[in-house]
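Structure first, then comments.
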Amino acid sequence: VLKHSNNLSAELIGQVTSRTLTGRPLSIRESAAAVANWYRRTLPTAPWDGFVCANHSGLSTGTRISPRQLAAILRYGWTVSAGIVPFPELLTPPRWERLKGAPIPAVRAKSGTMNYADGLAGYLTAASGRQLGFAILLTDFAKRLTMDETQDVRLEAGDSASRSWMQGAKRLERGLVRSWIARY
């Protein structure tokens with residue numbers, strides 16, 4: 001799920017996680033709330049005000065997470081392993097990092113994309129060798145709300161305006177990450 005986005009797999013993993021946490025099967029909304037509560041208990045010093053998980057894939061306009069909340073989850077992820085592999089190594093370089101042909105990519109991250117909403121979160125290795133976590137969340141709330149109210153987003157991939165917005169969001173993310181690599 002970290003290498004290739006698969007929303008169904010994310011939902012199933014979340015359902016298994018909440019069943020493990022609670023001992024019973026839950027609806028997707030209840031399951032997402034159970035996992036969100038686990039985050040709150042596991043990371044009590046993080047700023048959890050406004051944190052809402054509508055599901056496990058993030059493919060919902062009902063989900064609300066701040067960059068600080070996402071950064072807290074990334075900090076925790078830095079400390080755990082998935083078997084013999086440290087969590088950060090499970091993340092893959094963004095497409096633009098893979099295309100430049102770097103033998104050791106400086107960025108390992110996971111993206112999330114919807115029309116008028118885009119995010120990139122992960123870890124980077126700065127020019128100094130310092131390793132940093134980052135979380136970028138970009139949304140045009142007004143355009144997203146209009147789309148939700150006027151279109152069946154399950155059937156439409158978005159128009160040229162939303163694709164143009166997404167390209168701009170990706171450029172901004174790439175520029176921010178590259179500037180952090182150079183600066184730190």
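The values are calculated or read from the model by the stated rules, or taken from the named source; none is laboratory data. Source: prediction; values computed, not measured. We place every Cβ from the backbone using ideal geometry, glycine too, and count neighbours over all the protein chains shown. Areas reflect the complete protein model, heavy atoms only, side chains present, ligands, DNA and RNA absent. Shrake-Rupley method; radii C 1.70, N 1.55, O 1.52, S 1.80 Å.
3J(HN,Hα) along segment 19-27: 5, 5, 5, 9, x, 8, x, 10, 5 Hz, from the Karplus curve 6.51 cos²θ - 1.76 cosθ + 1.60 with θ = phi - 60°, whole Hz, x for Gly and Pro. Highest-first packing order for the peptide set 110-120, 15-25 is 110-120, 15-25, based on the mean count of other beta carbon atoms within 10 Å.
Solvent-accessible area per residue in the chain equals 61 Å², computed with a 1.4 angstrom probe and all protein chains kept. Ligands, DNA and RNA left out, the accessible area of the chain computed with a 1.4 Å probe is 57% carbon and sulfur. Ordered by 1.4 Å accessible area with all protein chains kept, Y184, Y76 run largest first as Y184, Y76.
Normalised by the number of residues in the chain, the mean separation of alpha-carbon contacts (under 8 Å, six or more apart) gives a relative contact order of 15 percent. The packing ranking of peptides 137-146, 49-58, highest mean first, is 49-58, 137-146, where packing means the average number of other beta carbon atoms within 10 angstrom of each residue. In terms of its alpha-carbon gyration tensor, segment 1-54 comes out oblate; a/c meets the 1.5 threshold, while b/c is at least as large as a/b. Whole-Hz Karplus values for segment 169-184 come out as 5, 5, 4, 4, 4, 4, x, 4, 4, 5, 5, 5, 4, 6, 6, 9 Hz, taken residue by residue from phi with 6.51 cos²θ - 1.76 cosθ + 1.60 and θ = phi - 60°; glycine and proline positions read x.
The Rg/Rh ratio of the chain, with Rg taken over Cα atoms and Rh as the Kirkwood radius over Cα pairs, comes to 0.96.
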